[in-house]
Every structure is written in C-alpha cells, then in structure tokens.
Amino acid sequence: MGKVVVGVDAGTTAVKAVAFSLDGEIISAAHRSVPVNYGRNGEAEQSLHDIWEAVADGLAELTGALGDSEIIAVGLTGQGDGAWLLDKNNEPLRNAAIWMDGRAGKRVEAWQADGRGQKVLDTTGTTIFPALVPVLLEEFAEQDPGFLDSIGTLFHCKDWVRFKLTGKLSTDYTEASRSFFNVSTGEGHDAQLAEDLGLAAVLPALPEILSSDASGGEVTEEAAARTGLPAGIPVSVGMIDVAITGPGLGAINDGDAWLILGTTGFIGALLPSVEERRSDLSMVLATGRGKQVLEFLAPMTGTPNLDWIRDTLGFADWAVAEAQARSAHAGAGGVVYLPYASPGGERAPFLDPNASASWLGMSVSTTPAQVLRSVYEGVSFSLVECAQVLRIAGDLVVSGGGFRSDLICEILADTTGQRVIRQDAPEAGARGAATLALVASGAADDVKAAAAMMVTSSSTFEPNPEHAEIYAKAYQVYRSSRDALRPAWPTMRELRGLSDAQKEDDK
C-alpha cells in the first residue's frame, strides 16, 4: 500500500482529479466536463453545484481506482476571476459569472474614464476587465440595489470546492489580489479602495486569507462519503490556476519565471515587489511571501488557434498535423499569421477588444502545410513578444498542453535565442496543487522540498542558429503588420456583426 497525494484542477470546461505518488508519478486520473452557459449580452456563467458535482464524481472515480493506496492530502487549484458568491446560509447566491463574462464591457470603459480603473491598478496591480469581480459586483448591484447586502461570502472557484470538502471558508493571496488586496503593502484588503469603488458593503463578505501551502481544513465525513476520500485528511488552501504551476516547478524565488500555453497563454515572473513590474498591462498577484508578486501577461492567443486550423484542414491526429507543419520549413513560405482569433480580442501585451486574426504574405502558390505552420509560428511569436515585454532572461521554462508540441518549443527557442526547458509530464496544474498539499500535510517541510519530491522528466530545446535570421524577419513582419492593421480592426468587427446578423435573418 503506497502513499499518494491528490491534486484537483477545477478548470473552465473540465475538472481533473489526479493522484500522484510521493515521487511525482501519476498513478491515476479522472476528468469530468463542466458546461458553460452563454448569454446574448456577453454573459458566461457556470453553476457552482455543477462544478462541485463534477469534482465529487471525479474524486469518487479516482478513489475507486486507487485500491489500497493511502491518500494523505488533497491540493486545489481552479479557474480565476469572475464572481463566486454565497448567501448568508453558505449556499450559492447565483450562478458564477466566470472569467470569460463580457456583459460589463461598457462599465470598464466608464471606470477607465472616471479614474476608478486607475485606482484598482494602483492598489491591486490589476488592469480592469469585464470579468474582474469589483466590476461585476457593480453590474449586479445596478440591477438589484439590495444585492451587495445579500452576499455572505465572496471568494473563487477552488475556494468553493474546498468549502464543499471541508466546510471552511477561506482564500489565498493570489485570489485575494483579484478584488481589493493591496499588493504594495502585502498586508490585506484596502478598505479605501472598496469605499472609492462604492463597494464597501462587501468587505465583511471577504474570507480569511491563508498561505497557499497551509491547510484550509480537513475532509468532512459528508464529503468523504460523497468522494471516497478519507475523512480527516488536510486540504491545502491552493492558488489560482495561472500561478499554481510555479510551485510544481519549484519556482518561488524572485526572478523565477515560467510560461504556460493552454486555452490562453501565460508568461510570468516573480518579483520582489510590485514596484519592479515591467508592464502597465500586466496582471500582478501577491504570493503571500512578504511583498513578493507574480507579474504575468495572459495573451488570448492560445491553443484554440491550433485546434481551429487542425479541424479546418481536416487533420484528426496531432502528430500528423505537426509533421505536415514541419514539411513547410521555418518561415512558412513567407506566410505570417496574426493569432488574434479569440472573440474577446486581446489583452496582452496590448489591450484591444477588436483584435482579429489574419494571414499575410499568401499567394496562389501557398500550400496547406505553409498555412498550418504559420499558425504554429504566430502563436509562438505572441509568446515571444510577451517574454520580451517582461524581460525574461535565461532559460524559458514551459509547461501546459500547448507545449506538448515540440514544434512550438523549437520555434520559441529559435526566435528568442534562448534555451527552452519543458516539463514533460501532463496535468501541470494538478501537480502544482499536489505539491502544495504535501506541505500542508507535513509530508514536505516547504515548497522547494515538495517540488523536489514531485520533480518529473524534462526536455531541452536548443536554439537553431540556422533559423535565427529567417525568424528575426518573420517576427518583425508579425509585429509591424499587426500594428498596421490595428486601425482596421474595429471595422472588421463591425462587418463580422453585420454578417452574423444576416445569418440570423436567414434562419
């Protein structure tokens, strides 16, 4: 009978429960899908009950597969931002408006114009966007004047899962940074900011802030019966999903940096204080280690670009698609792809809700392989630009589903001239959560020790000097053509809307 630690990653469209041995091997895993409900005015919502049931079902499957293994702790991470609210009886007050919610877009413009956006930036280090919780709270309060007073607890996705497992209400520093936390002092929520935003009524609803590697409670008898977890084992506080990979990599010191490529991108570095930040469009999270912050950019130019082009060109298998892309050679025959395909536009390293995808440099001699490779290169160039903005030097440590592509790792290395080191094992989020759970359970003395226990194999990609010149030119065209096209993006978006309206009329 071996000891295992469980990591739960409550993502946007799927939740994952993964069991790891204490030397980092994945023993078993279970996944469950979670629906997102979209509205006509930009709403994107999820049921808190649906998320808990998906997590509970996944854990029940996982524990059933573990046999006599001894589970010693559970670690948590989950999607960030949005409004996750309980009423005074600790029941969901409403469906969660999640990070993709866009209903408050015009409110963001108003906050930027009247100075409230700058106040949020100055205090929390966060550039406002429609799904930031203070913005959503004002949106809901305008619809229902008594709404703020009805809130019992304001926290986030992984906090809700922990509450269902332990019955305890708390959050961590990374999640607290998304509302009213003062990242300059690192000492707690800023009452003056809440007052200035007209949201002082929610301050009593903010739960206790605990260290991410602390225990946030123990599995209750009720949760044990539902999930198969042993009652009484600790559940770590955890972190927001964009930050959790760091502990799994042992990244806790100032200067440590890493990249993730998933549905969105992530390029981040730990800094001694918010005063050291490199971009006003970055996001900043307190880590709970003094004044240390994690500064990161999260471009929207992630794997949906690759999913879309693969499906469009009819490749059922990723290996076949990547082999086809390789056949086009570096530079994609002069074709450059701007990877701004997200309906929400772009948020890093520039902010433009009208950002749109385009191909340039095509001719009647352009091949499908060149079109395909250009998408790989465009996604990579977006990451390169963000890494340059944040001045990330040395090796580029990467993780996440998109980086399973050797080609993207190679393009990243060739374009930057920096070595790329990839953590090969899947489920990086769950691994980071499990790393923190080892500390919470006492199985490891600190995060560094826990990361050493959970270390996994890695692959290294050296820059190819033969590709340096062609990628320098391609990257230059990528940026200059993007900047030249930006004035046309609003009209492109308008045309898209007009065309969609005609399609609706034809139904």
Exposed-loop-free span, longest in the chain, where GluC sites (Glu not before Pro) count as exposed if DSSP calls them loop and at most 13 other C-beta atoms lie within 10 Å | 188-507
Once phi is turned into ³J(HN,Hα) by the Karplus curve 6.51 cos²θ - 1.76 cosθ + 1.60 with θ = phi - 60°, what whole-Hz value does each residue of the stretch 75-91 show in order, with x for glycine and proline?
-> x, 10, 8, x, 4, x, 6, x, 10, 10, 10, 10, 8, 5, 9, 6, 10
Given charges at Cβ of Lys, Arg, Asp, Glu: the chain dipole, positive-most of Pro299, Trp99, Ser499 = Ser499
Does a label point 7 Å from the Cα of Thr13, set along Cα-to-beta-carbon, have any residues of the stretch 385-427 with amide nitrogen under 14 Å, and which are they?
-> 401-402
Dividing the alpha-carbon radius of gyration of the stretch 324-382 by 2.2 N^0.38 Å (N being the number of residues), what value is obtained?
-> 1.18
For the stretch 136-238, what is the relative contact order in percent, using Cα pairs closer than 8 Å and at least 6 residues apart in sequence?
-> 31 percent
Taking +1 at the Cβ of each Lys and Arg and -1 at the Cβ of each Asp and Glu, which of Pro247, Tyr475, Gly333 sits farthest along the dipole of the chain towards its positive end, judged by Cα position relative to the Cα centre?
-> Gly333
Which semi-axis lengths, in whole Å and largest first, follow from the square roots of five times the eigenvalues of the Cα gyration tensor of the stretch 100-147?
-> 18, 11, 10
Return the subset of Lys16/Lys448; Lys119/Lys158; Lys16/Lys158 for which the Cα-Cα distance in this structure is over 18 Å, preserving the input order.
-> Lys16/Lys448; Lys119/Lys158
Enter the Cα centre distance for the pair the stretch 229-281 and the stretch 358-419, rounded to the nearest angstrom.
-> 23 Å
Please give the calculated 222 nm ellipticity per residue for the chain, where each DSSP H segment of at least 4 residues contributes -39500 (n - 2.57) and the sum is spread over every residue; nearest 500 deg cm²/dmol?
-> -11500 deg cm²/dmol
Report Rg(Cα)/(2.2 N^0.38 Å) for the stretch 181-246, keeping two decimals.
-> 1.52
Looking at (1) 22.5, 67; (2) 23.5, 84; (3) 24.9, 90, which value of Rg and Dmax of the Cα atoms in Å comes from a calculation on the structure shown?
-> (1)
Could you list the trypsin sites (Lys or Arg not before Pro) in the stretch 56-135 that lie in coil according to DSSP, counting only those with at most 13 other Cβ atoms within 10 Å of their Cβ?
-> Lys88
Which three extents, in whole angstrom, do the alpha-carbon atoms of the stretch 23-158 cover along their principal axes, largest first?
-> 60, 31, 29
Report, in debye and to the nearest 20, how large the dipole of the chain comes out about its Cα centre when Lys and Arg carry +1 and Asp and Glu carry -1 on their Cβ.
-> 820 debye
Between the stretch 52-115 and the stretch 287-356, what is the C-alpha centre distance in whole Å?
-> 25 Å
Convert each backbone phi in the stretch 427-439 into a coupling constant with the Karplus relation 6.51 cos²θ - 1.76 cosθ + 1.60 (shift: θ = phi - 60°), then list the ³J(HN,Hα) values in order as whole Hz, x for Gly and Pro.
-> 6, 5, x, 5, 5, x, 5, 5, 4, 5, 5, 4, 6
Compute the Cα gyration tensor for the stretch 395-507, then decide on rounded, prolate or oblate, letting a ≥ b ≥ c be the square roots of its eigenvalues: rounded whenever a/c is under 1.5, prolate when a/b is larger than b/c in the other cases, and oblate in all that remain.
-> oblate
Looking only at aspartates and glutamates whose Cα falls under 20 Å of Lys473's and that sit 8 or more positions away or on another chain, we get Glu377, Glu385, Glu410, Asp414, Glu462, Asp483
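Since every read-out is calculated from the coordinates, none of them should be taken as a lab result. Model, not experiment: these values are computed from the prediction. For neighbour counting, all protein chains shown are included, and Cβ atoms are generated from backbone atoms with ideal geometry for every residue, glycine included.
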